[in-house]
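S.K.: Please see the structure below; I have some questions.
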Amino acid sequence: MTPVDWSNPDSYTRIAFADEAMPRVPLGDDQDAATALVNEALALKREFSSKLRVIANTHGDAAPTSAERTFELDEAIRQAAEKWFNRFLPEP
């Protein structure tokens, strides 16, 4: 399987989400600025998460407990990011 080049929109097709699954710009916020903030925050989170996993895997044999705690940190950040992102979804 060839990895997707997310920087090239011609290399993938977007999933059509139901309207209730689409994030919303908070009332009073500029759409372009809010979109940029969310996209950049998620990109930085993915990059940081990737780096955490690399460092934990690199040193896992020599420091297994510390590596496990690093994976736990990554999971805590993932959960916090998910909770943060869900605040942009419409109320059920």
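The values are calculated or read from the model by the stated rules, or taken from the named source; none is laboratory data. The structure displayed is predicted, hence computed values, not measured ones. These accessible areas exclude ligands, DNA and RNA; they are computed on the full protein's heavy atoms, side chains included. Shrake-Rupley method; radii C 1.70, N 1.55, O 1.52, S 1.80 Å.
S.K.: Want the number for E91 to E75: 0.36 nm per residue separation, take away the alpha-carbon distance, what's left? Please report the intermediate quantities before stating the final value.
M.R.: Numbers: separation 16, 0.36 × 16 = 5.76 nm, distance 2.52 nm.
Computed gain between E91 and E75 is 3.2 nm.
S.K.: With all protein chains present, how much of the accessible area of the chain (probe radius 1.4 Å) comes from carbon and sulfur, to the nearest whole percent?
M.R.: The computed percentage sits at 57.
S.K.: While we're looking at this one, here's another question. Can you tell me the Rg and the Dmax, both Å, for the Cα atoms in segment 36-82?
M.R.: 11.9, 40
S.K.: 222 nm [θ] for the chain, helices only, -39500 (n - 2.57) per DSSP H run of 4+, per residue, to 500? Don't jump to the answer; show the numbers that get you there.
M.R.: Details: 2 runs with 52 residues, N = 92.
So the calculated ellipticity at 222 nm is -20000 deg cm²/dmol.
S.K.: Let me ask something additional. Any idea what Rg and Dmax come out to for the chain if you just take the C-alpha atoms, in Å?
M.R.: Computed over the Cα atoms of the chain, radius of gyration and Dmax are 16.9, 51 Å.
S.K.: Determine the relative contact order of the chain: mean sequence separation of Cα pairs under 8 Å and six or more apart, normalised by residue count, in whole percent. Could the numbers behind the result be given before it?
M.R.: Values: 46 pairs, mean separation 33.3, N = 92.
Computed value for the chain: 36 percent relative contact order.
S.K.: For segment 10-60, report the translational diffusion coefficient in µm²/s to the nearest whole number, using Stokes-Einstein at 20 °C, 1.002 mPa s, and a Kirkwood Rh over Cα pairs. All intermediate terms of the calculation are to be shown ahead of the outcome.
M.R.: Working: Rh = 13.9 Å.
Reported coefficient: 154 µm²/s.
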